[in-house]
1. Touching a Phe, Trp or Tyr at 6+ places or on another chain (Cβ under 9 Å), of a type in the set (Val, Ile, Thr) and in contact (Cβ under 8 Å) with a residue 40 or more places away in the chain: which single residue out of A:Val41, A:Val78, A:Val67 fits that description?
2. Quick one: is B:Gly121 within 11 Å of another protein chain (Cβ to nearest Cβ), within 18 Å of A:Leu28 (Cβ to Cβ) and either surrounded by 18 or more Cβ atoms within 10 Å (Cβ to Cβ) or free of Cβ contacts under 8 Å to residues at least 24 places away in the same chain (or both)?
3. Is segment A:51-67 home to any residue that is closer than 26 Å to B:Gly59 by Cα and among the polar types (S, T, N, Q)?
4. Hey, does segment A:99-111 have a residue that's within 10 Å of chain B (Cβ to nearest Cβ), touching a Cys at 6+ places or on another chain (Cβ under 9 Å) and over 16 Å from B:Val112 (Cα atoms)?
5. May I ask you to list the residues in segment A:91-113 that are farther than 19 Å from B:Ala106 by Cα and either of a type in the set (Gly, Ala, Ser) or loosely packed, with under 14 Cβ neighbours inside 10 Å (or both)?
There are 2 protein chains.
Amino acid sequence: MSEMPQADVDPTLEADVFSRNCSSREILQNVTSRWGLLALVALLDGELRFNALRRRVDGVSERMLSVTLQSLERDGYVRREMLQAIPPRVEYSLTESGRQVAVLLAGLIDLVEGQVGSVDGARQEYDAR
Amino acid sequence: MSEMPQADVDPTLEADVFSRNCSSREILQNVTSRWGLLALVALLDGELRFNALRRRVDGVSERMLSVTLQSLERDGYVRREMLQAIPPRVEYSLTESGRQVAVLLAGLIDLVEGQVGSVDGARQEYDAR
């Protein structure tokens, strides 16, 4: 929070994503980012190595996936484990809070995938105006 | 979908957000964008005029809110109504599919707002490594 309280920020709220200075907004952006969202939901099925995750999240670059996973690991949503093996293996998995978020995101994906037809219809109607 | 099917795209799936060419991915991005998400959830409490919505979504510029609402309206998630009044009033509200998405997003916001403390802890631990 900024040191100068703003008139439109309710000081009684502990976390309010509607307030521009609340850190919850930034956290929310990490988990709903283009690649963050897909990586979290991909890990719902179990731990994955970097390259397997990259194949699942079709279209992501190595660098963007790496940056995304680092930010999710820093926020405590993803666990990165180095396995003793030759060659060494790195596996990614969800933490408990990561799983909680991923479950909700998976529900959102299901909903939106089911709405593709109606969205296409709405777009055609809008564009024809 | 592109006309040239790609080997890694499962043609039996109607909509798959994990596939880079599926339009569901773009729709998902519109509803989880920084401002799209907040605008949808703000409208859960009822219809709002542009300026009221802008005050609620703290920090959004007039232009970004306008672009965001236009894209949500085109996708059929938000309804824009011009009311006969002097001066004319424009009100925004959720459609049924917008409401369905907004309910899930509100659940995600609640979850993430409750995780702010644990995320802060995880960050401190990560940064101290």
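1. The conditions single out A:Val41.
2. In short, yes.
3. Among the residues of segment A:51-67, not one is closer than 26 Å to B:Gly59 by Cα and among the polar types (S, T, N, Q), which makes the answer no.
4. No, segment A:99-111 contains no residue that is within 10 Å of chain B (Cβ to nearest Cβ), touching a Cys at 6+ places or on another chain (Cβ under 9 Å) and over 16 Å from B:Val112 (Cα atoms).
5. A:Ser93, A:Glu96
All of the numbers you see were taken from the coordinates with simple rules; none came from a lab. Since we're looking at a predicted model, the values are computed, not measured. All Cβ positions, glycine included, derive from the backbone under ideal geometry; neighbour counts span all protein chains shown.
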